[in-house]
Amino acid sequence: MIDLTLNNGVTLPAIGLGVFQSPPEETAAAVETALSVGYRHIDTAAAYGNERQVGEGLRRSGVARDDVFLETKVWVTDYGHDETLHAFDKAVGKLGVDTLDLLILHQPAPQRFDTTISAYRALETLLADGRVRAIGVSNFMPHHLDRLLQETDVVPAVNQVELHPYFLQRDVQEADDAHGILTQAWSPIGGITFYPGPWGDERRSVMQDPALAEIARAHAKSPAQIMLRWGIQQGRSVIPKSTNPDRIAENFDVFDFELSGEDLARIDALDTGVRGGPDPDEPRDAFFALQIPES
Ligand code: NDP
């Protein structure tokens, strides 16, 4: 296991379990399995509707709360200072914990960025009060970061963004690096390029990429393991999602081999510059309207 250190000194395991689209009835088992094979970091979100089951999996695992890095996200409908303080109460209530290791804003709200700022101010309050150990953002592009940094005090510890071999977001990675923000990759094994959803059928699955298959064969590993190792070796946090016990274990089995500089460069060269997920600046009123229930 490799740990990463955030800009405030807090450490987190480089690999975490993601639970986006993990059905609530399968989430507790997935979390329990992950903790049993060695994961100590879980990434959930209010908007995933499974925080309660993440907490249940954590308790069922028997692993001590303090040994697990628990990360969740505030949804846009809960942006605003008091609303976001209350979003924290909802999250810890569902998770069944007192504090969070990392709380991040799920998206910039580009059409009303002032509420994004007030929400972040609330995260700063929670940090100062010791309710969260670190705070951050997600899906922030460099111009969102610039505005946030101008109007707030605490530099985010993490920016969680779409990042896999077909979409490197070098500009975001450079902006994060320049400010000491850890880049955390969502869809680190390219889920957004192949799982079903409203993203269209024209997508090319990074999981089927021939160059990755060749590198995988050379290391006797799977393409998913190659992508995760590539992320970790480049200093990123990766949070692969699976509800399948074998794949949960496979995705954690990446600490017994090393990619060469040539392998890393070959994977970097797969970048298409085209995102699989939505553009964070696109207005998406229906999507943003999701209401987060009370705990
Ligand atoms: P991933 O890149 O983690 O891919 C997940 C998909 O890959 C699932 O369909 C999973 O299916 C499958 N899979 C998992 N392991 C393997 C394997 N070893 N071989 C083949 N297939 C595999 O995509 P996600 O988009 O889920 O991203 C990961 C996490 O990032 C999310 O769960 C969430 O926590 C976070 N996220 C954050 C977003 C944000 O806006 N901040 C947006 C999207 C994700 P199965 O379960 O059947 O194994």
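Okay, here's what the table says:
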quantity	calculated
Members of the range 36-47 that are more than 12 Å from the ligand (Cβ to nearest atom) and crowded, with 23+ Cβ neighbours inside 10 Å	Tyr39
Filter result (within 23 Å of Thr72 (Cβ to Cβ) and out of contact with any helix residue (DSSP H, G or I) (no Cβ under 6 Å at 6 or more places or on another chain)) within the range 163-178	Leu163, Gln169, Val172, Asp176
Candidate set: the range 146-197, residues that are in a helix (DSSP H, G or I) and within 9 Å of the ligand (Cβ to nearest atom); chosen: the one nearest to Ala269 (Cα to Cα)	Thr193
Ile192 vs. criteria modelled with pLDDT of 95 or more and in contact with a strand residue (DSSP E or B) (Cβ under 7 Å, 6 or more places away or on another chain)	yes
Complete set of residues in the range 69-100 that are surrounded by 21 or more Cβ atoms within 10 Å (Cβ to Cβ) and closer than 15 Å to His41 by Cα	Phe69, Leu70, Glu71, Thr72, Lys73, Leu95, Leu100
Candidates Val92, Val31, Val63 - the one that is within 14 Å of the ligand (Cβ to nearest atom) and of a type in the set (A, V, I, L, M, F, W, C)	Val31
Only listed residue being free of Cβ contacts under 8 Å to residues at least 12 places away in the same chain and surrounded by fewer than 24 Cβ atoms within 10 Å (Cβ to Cβ), chosen from Thr5, Thr33	Thr5
Any helices (runs of 4 or more DSSP H) falling wholly within the range 198-266 and containing at least 2 residues that are away from the ligand (no atom under 12 Å from the Cβ) and of a type in the set (Gly, Ala, Ser)	210-219
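The values are calculated or read from the model by the stated rules, or taken from the named source; none is laboratory data. None of these values were measured; they are calculated from a predicted model. Note: ideal-geometry Cβ built from the backbone for every residue, glycine included; neighbour counts use all protein chains shown.
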